[in-house]
Amino acid sequence: MSIASTSANNPPSVLLVGGGIGGMAAALALARIGVAVDLLEQSATIGEIGAGLQLGPNAFAALDALGVGEAVRRGSVFTDRLVMMDAVDCGEVASVPVGEAFRARFRNPYAVSHRADLHGAIHEAVKQHPLIRFHTSAQVAHVDMGAQGVTAVTQDGRRFKADAIVGCDGVKSVVRARLIGDAPRVSGHVVYRAVVPAADMPADLRWNAPVVWAGPDCHLVHYPLRHGEQYNLVVTFHSREREEWGVSDGSKEEVLSYFEGVHARPRQLLDRPTSWRRWSTADRDPVARWSEGPATLLGDAAHPMMQYLAQGACMALEDAVTLGEAVKACGFDMPAAFKLYEAARVARTARVVLSVREMGRLYHAKGVERLVRNSLWVGRSPERFYDAVEWLYAWRPEHCLEDAPGALQPRGVAMAEPAAALSPH
């Protein structure tokens, strides 16, 4: 079937490369409008590694549009506040309530979830859809594109053909390599993640809040998971070594060596995990184009970002919903839909990528810059915090195509003001 022949009565077929949160959400968004999907996952099983993540109101808006919002809510912890503490002197830098007034403003809550619980909720909906087929142990080696569609060839020689392809395959995306060919920007920031039982958390730190302890060139994060039975612990530091992007087992000794200058109260958290996973992080400079003909990108493959605004998964969910809406708006003309989707997402996701970098600088401030950071939020009312995050958290599916040129005047690519987020990852 040629790309040009697709229509609402003769919908296209799509290959999705990558079975993470973004890939699963995209599969659901497309299948729900009648698109047949083959999901290619390089792992032997469909699953999600990692620990906790945070879900802003924009994520819940996307999840509701995908029909899985209530399932995700059942496995989430709804937090009371977002908190930033100074890891050097234990002073409170800022505390933002995310209760009733926040929910009324943004029409959704702020919550934290285990990555596996979020992924699992989407996966359950995907498994029940007859238009989605899973292919595990299907690591894509290269992609061919032609007038009659696309072919993905796996490492073991299997060939999958469809009318279009969406790369949801992360920072090291094979689809992105075919479309753009740029290298990731290794940040030099290393992230360690672990989950510990609530009983192993210090009693005075069992807060129902995502908390960031901001230190010089480092920070710590903790928040509850799974109805408060566990706590997610995350530490980040600027590595002394030359880093390469990747995930490996961590070393407690390495972690301790980077946190010698922080107060004993947050530092005690470093003794709690029995094992760590180590991420050497990377992002990319924003690009104005990530689609070509019958191919496009989604999530980290399109706009990889670091963790400082806790928006990586949220942006992938927004992408998935917007992709589905673009396909509908273009009458299943996939190249046109991919261009519309791209146009609606480029400026917004670029703004997040750039804001994340700025927030990382604030988290890791030292010397006089630390004092400046600690003064930024003094006396700020909750309403002013909400105003600052309006651009991020007020996203709605019914307006998701309005940032595309020709729809409404697109918003500029500008960094958030310093108070625009206190959402530790």
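Only the coordinates and a few stated rules stand behind these numbers; no lab work does. Everything quoted here is computed from the prediction, not taken from an experiment. Cβ placement follows ideal geometry from the backbone for every residue including glycine, while neighbour counts extend to all protein chains displayed.
Summary of values
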{"quantity": "Rough spin-label spacing in nm, given labels placed 7 Å along Cα→Cβ, for LYS161 and CYS90", "calculated": "6.8"}
{"quantity": "Per-residue ³J(HN,Hα) for the range 63-75, Karplus 6.51 cos²θ - 1.76 cosθ + 1.60, θ = phi - 60°, Hz, x for Gly and Pro", "calculated": "4, 5, 5, 8, x, 10, x, 5, 4, 5, 4, 4, x"}
{"quantity": "12 Å beta-carbon shell around SER13, net charge (K/R +1, D/E -1)", "calculated": "0"}
{"quantity": "Inter-probe distance in nm under a simple model that places probes 7 Å from Cα toward Cβ, at SER381 and ALA394", "calculated": "1.6"}
{"quantity": "Spin-label model distance (nm) - ASP285 vs GLU254, 7 Å beyond Cα toward Cβ", "calculated": "2.8"}
{"quantity": "Volume in Å³ per residue [convex hull over Cα atoms, computed for the chain]", "calculated": "133"}
{"quantity": "Placed amide H near ILE33: partners under 5 Å, 5+ positions off or other chain", "calculated": "none"}
{"quantity": "Sorted by Cβ density within 10 Å, fewest first, the residues MET84, MET145", "calculated": "MET145, MET84"}
{"quantity": "Computed FRET value (nearest 0.05) for LYS172 with ALA264, which takes r as the C-beta separation and R₀ as 51 Å", "calculated": "0.85"}
{"quantity": "Order of LYS339, LYS127, LYS366 under a 10 Å beta carbon neighbour criterion, fewest first", "calculated": "LYS127, LYS366, LYS339"}
{"quantity": "Degrees separating the helix 334-363 axis from the principal Cα axis of the chain, which is the longest one", "calculated": "10"}
{"quantity": "The chain: calculated mean residue ellipticity at 222 nm from DSSP helix runs of at least 4, using -39500 (n - 2.57)", "calculated": "-9000 deg cm²/dmol"}
{"quantity": "Fewest-first ranking of HIS227, HIS263, using other Cβ atoms within 10 Å as the exposure measure", "calculated": "HIS227, HIS263"}
{"quantity": "Summed residue charge, Cβ within 11 Å of ALA61's Cβ, Lys/Arg positive, Asp/Glu negative", "calculated": "-1"}
{"quantity": "Percent RCO, i.e. relative contact order, over the chain, from Cα pairs under 8 Å lying at least 6 residues apart", "calculated": "21"}
